[in-house]
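The structure appears right after this line, and notes come after that.
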Amino acid sequence: MDFVGARSAVLAVLRGVSAGDRSRLLHWMRTTNDFDEFMLSNNDVVLRSIAEDLRNCLPIEAMLNSEHLAIKKILEQPEPTVHVDAFLYDDDDIIDSLCEKGKMSRNYCVVCGSHKTAPLEFISHSFSLMELKFLYQYALPDLTGKILVDVGSRLGAVLFGGYLYSSASQLYGVEMNSDFCQLQEMIITKYQFTDRVKVLHSDICTQASLLQNADVVVMNNVFEYFLDRLEQARAWEFISHNMRKKGSLLVTVPSLEESISNLQGFIHPQDRESSKSYHLCQGSSFKL
Ligand SMILES: C[S@@+](CC[C@H](N)C(=O)[O-])C[C@H]1O[C@@H](n2cnc3c(N)ncnc32)[C@H](O)[C@@H]1O
């Protein structure tokens, strides 16, 4: 069917709906996600294909045995919590089908042996596809010729999103876990991202000159689950000390204020920025 025919068919459907239901139908058309699959760009398809490749290399919980502290911290959460990686499991349908197969659960048993259940808390160690598009297409300015550093690049979602949705000249990931570095390298090679993406297997606290040259530094809940509080405070101080390029931007999730609020006694924030769940501030004015 061509465009003119399709438009007539849609209008015919709208005219055929009872007057009482027409406004419900229009509301659904304006707000539903059901059309998303028809609006995917080529870049979205590439990013979904990367997520599928990574899903095939990782256990369902997308955490590795080498992540002792992160696993311990998830087990210590006040509410039963599971890690569902939002980059790998971006699509509710995938989660639903895993739940149906008994491979994943949205609920936990509150009284052992009974049928009483309560919803599990989900956390993600990666940005979702939607968050990546928001970051590059709305939150950040044009990155032509700019250098972006993702602190704790994990699966590489920020780097691959930056390759596809921005014109940044270089996208650097710094990741201290070597297994995740290998996974990122595998994707970089397979999708031929080598001209603009580089991953360093390193602790960010050894990367002073990289931070000093960065135009954008991304920090997605990078330390809380992976370092003890003293190490977190030291890492924040190191970044604050070295992120000095004029006009540079720091993106933090959660907000800078929330990220460092748990570290009171370890660091003393001087500049308190307003609290937003998604926070972007000038790197050169970022002081702890
Ligand atoms: C929440 S994940 C961030 C994922 C990714 N940036 C994203 O947004 O999709 C945090 C990652 O930071 C890494 N990490 C934590 N502390 C680090 C440090 N000091 N240096 C380098 N990587 C670190 C962890 O190993 C983990 O893989």
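The values are calculated or read from the model by the stated rules, or taken from the named source; none is laboratory data. None of the values given here were measured: they were computed from a predicted structure. Here Cβ is always computed from backbone atoms with ideal geometry, including for glycine, and neighbour counts include all displayed protein chains. Please note that ligands, DNA and RNA were not included when accessible areas were found on the heavy atoms of the full protein model with its side chains. Shrake-Rupley method; radii C 1.70, N 1.55, O 1.52, S 1.80 Å.
For the range 169-201, the candidate set comprises residues that are aromatic (Phe, Trp, Tyr) and open to solvent by less than 20 Å² (accessible area, probe 1.4 Å); within that set, the residue that is farthest from the chain's Cα centre (by Cα) is PHE193. Only residues that are open to solvent by less than 70 Å² (accessible area, probe 1.4 Å) and more than 38 Å from the chain's Cα centre (by Cα) were counted across the range 1-13, and they come to 4.
Would you point out which residue out of LEU140, LEU135, LEU148 is over 29 Å from ASP228 (Cα atoms), modelled with pLDDT of 85 or more and under 17 Å from the mean Cα position of the chain (by Cα)?
Criteria check complete, one pass: LEU140.
Those helices (runs of 4 or more DSSP H) of the range 1-96 in which 2 or more residues are away from the ligand (no atom under 15 Å from the Cβ) occupy 3-16, 19-31, 42-55. Just so you know, in the range 135-157 the residues that are open to solvent by 10 Å² or more (accessible area, probe 1.4 Å) and under 18 Å from LEU88 (Cβ atoms) include one that is nearest to the ligand (Cβ to nearest atom), and it is GLY152.
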